[in-house]
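The values are calculated or read from the model by the stated rules, or taken from the named source; none is laboratory data. Note that the structure is predicted; figures quoted are calculated from it, not measured. In this analysis, Cβ positions are derived from the backbone assuming ideal geometry, glycine residues included, and neighbour counts consider all displayed protein chains. To get the accessible areas, we keep the full protein, side chains included, count just its heavy atoms, and leave off ligands, DNA and RNA. Shrake-Rupley method; radii C 1.70, N 1.55, O 1.52, S 1.80 Å.
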Amino acid sequence: AQKITQTQPGMFVQEKEAVTLDCTYDTSDPSYGLFWYKQPSSGEMIFLIYQGSYDQQNATEGRYSLNFQKARKSANLVISASQLGDSAMYFCAMREVNRDDKIIFGKGTRLHILP
Amino acid sequence: SQTIHQWPATLVQPVGSPLSLECTVEGTSNPNLYWYRQAAGRGLQLLFYSVGIGQISSEVPQNLSASRPQDRQFILSSKKLLLSDSGFYLCAWSAFPSAATSYYGYTFGSGTRLTVV
């Protein structure tokens, strides 16, 4: 069964608008972590934001925030005031603490920011 | 500070030829190490991971193998490449296993783009 689901293969957003990238996950472990990574065309994987399963507040990092809805098993990434440089592939990922620290990735969402 | 080196950056190999990709980590000890593959336009697939020297776990059966001869060295190999082995290979390390509240994710290398022709 797929553990990380990203239902948006591609998105087009106007520059300066906010954008929400969807992510749902599936786990039976009480301890887990959720990540978002950005992959520009160069291929490098850039860590954006992290949310622990026990964290009470939603994580924020500059223009990035993670909308964590634990009961719905949802971890959407919100990018405020999008910029042209935000155009990239975005991956949602989950780390299950009791499974050798492995991180499982979703299939990604290709985000295009339009000028 | 910790850094991760991965080479080569690009590689074009004929079908049936051997493969050796190397990844080394600096500035940390006893890291967990991982090899991922990304097919064109696809997500990341975990191939192998290692929690210590000589300890290799395989996630997907295939004609690839991995070895960890030293604490901070992780090697991905193949005796005979297939066309389906083409892809973008990423090495990664994690220094905090089983830390439920740690916010550390993986640190990735810059990747190797492999084309099998």
I'd like to check something: does segment B:77-89 contain any residue that is open to solvent by less than 20 Å² (accessible area, probe 1.4 Å), hydrophobic (A, V, I, L, M, F, W, C) and either more than 8 Å from chain A (Cβ to nearest Cβ) or part of a strand (DSSP E or B) (or both)? yes
Has segment B:19-36 got any residue that is away from chain A (no Cβ under 14 Å), among the charged types (D, E, K, R), within 15 Å of the chain's Cα centre (by Cα) and surrounded by fewer than 22 Cβ atoms within 10 Å (Cβ to Cβ)? yes
Provide a single number: the residues in segment A:44-92 that are within 21 Å of B:Asn32 (Cβ to Cβ) and at pLDDT 95 or above. 2
Looking at A:Arg72 and the list (1) loosely packed, with under 14 Cβ neighbours inside 10 Å; (2) within 13 Å of chain B (Cβ to nearest Cβ), which single condition is not satisfied? (2)
Log entry, pairs with first residue in segment A:53-69 being charged (D, E, K, R), second being assigned to a strand (DSSP E or B), beta carbons closer than 8 Å, six or more apart or on different chains, reads A:Asp55/A:Phe68; A:Glu61/A:Leu48; A:Glu61/A:Ile49; A:Arg63/A:Ile79
Expected single match for in contact with a strand residue (DSSP E or B) (Cβ under 9 Å, 6 or more places away or on another chain) and within 27 Å of B:Arg113 (Cβ to Cβ) among A:Tyr32, A:Tyr64, A:Tyr37 is A:Tyr37
Quick check, is A:Asp101 closer than 20 Å to A:Gln51 by Cα, out of contact with any Phe, Trp or Tyr (no Cβ under 6 Å at 6 or more places or on another chain), open to solvent by less than 10 Å² (accessible area, probe 1.4 Å) and not β-branched (Val, Ile, Thr)? yes
Check whether at least one residue in segment B:31-42 is more than 18 Å from A:Ala93 (Cα to Cα) and either at pLDDT below 90 or not in a strand (DSSP E or B) (or both), and report yes or no. yes
The condition from (1) more than 10 Å from chain A (Cβ to nearest Cβ); (2) in contact (Cβ under 8 Å) with a residue 24 or more places away in the chain; (3) part of a strand (DSSP E or B) that B:Val15 misses is numbered (3)
When every residue in segment A:52-69 that is more than 18 Å from A:Val19 (Cβ to Cβ) and open to solvent by less than 10 Å² (accessible area, probe 1.4 Å) is compared, the one farthest from the other protein chains (Cβ to nearest Cβ) is A:Ser53
